[in-house]
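Take a look at the structure below.
We did not get these values from a lab; they are worked out from the coordinates using the rules stated. Note that this is a predicted model, so its numbers are computed, not measured. Positions of Cβ are backbone-derived with ideal geometry, glycine not excepted, and every protein chain shown enters the neighbour counts.
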C-alpha cells in the first residue's frame, strides 16, 4: 500500500471541463494581481515623481485605492462567484456603515484640529 503512494497518478480525478475552469480561474487571478501591482506602482510613481498636481494627488491616490479595494473584494475574496449573496450583503452593509462613520470622524478631526 505505501509503495503505491510514492508513484504519480496516471490520470487526474478532475474532468477536462473542471481542469479548464481551474486554469481559467488561475489566469484571471494572476491578471488581477498584476493589475493591482500596476495600480500600486502608479500610485508610488505619481507621488514620487510628482506626475500629478499636488491638489489632485490625494483624490488620485484614493481613487486608485477604491479601484484596488473593489478588485480585491471581487477576485481574491471570490465575491463574484455564485452562491455568495450573504457574504456580499454583509460586506456591502459594512462598507455602507463604515464609510459615513470614517468621513464623519475625518471631518470632526479636521474641524477641531485646524
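By average Cβ neighbour count within 10 Å, what is the ranking of 79-91, 6-18 from highest down?
Top to bottom by mean Cβ count within 10 Å: 79-91, 6-18.
Per DSSP H run of n ≥ 4, the term is -39500 (n - 2.57); total these for the chain, divide by its residue number, and report the mean residue ellipticity at 222 nm rounded to 500 deg cm²/dmol.
-25500 deg cm²/dmol
How much of the calculated P(r) for the chain lies past 22 Å, in percent of all Cα pairs?
61 percent
Please give, to one decimal in nm, the separation of the simple spin-label points placed at residue 28 and residue 5, each 7 Å out from Cα toward the Cβ.
With each label placed 7 Å out from Cα toward Cβ, I get 3.6 nm.
What do you get for the angle between helix 85-113 and the principal long axis of the chain? Use alpha-carbon atoms, 0 to 90 degrees, nearest ten.
On a 0 to 90 degree scale, this one is about 30.
So for the pair residue 99, residue 63, with labels modelled 7 Å out along Cα→Cβ, what separation do we get in nm?
A separation of 1.7 nm, rounded to one decimal place.
Can you tell me how region 38-89 classifies by the Cα gyration tensor, rounded, prolate or oblate, using a/c under 1.5 as the rounded cut?
Taking the square roots of the gyration eigenvalues as a ≥ b ≥ c, region 38-89 is prolate.
Sketch the reach of a paramagnetic label on residue 15 as a point 7 Å from Cα along Cα-to-Cβ, and name the residues of region 58-89 whose backbone nitrogen lies under 20 Å away.
In region 58-89, the label zone of residue 15 (backbone N under 20 Å from the point 7 Å along Cα→Cβ) covers 82-83.
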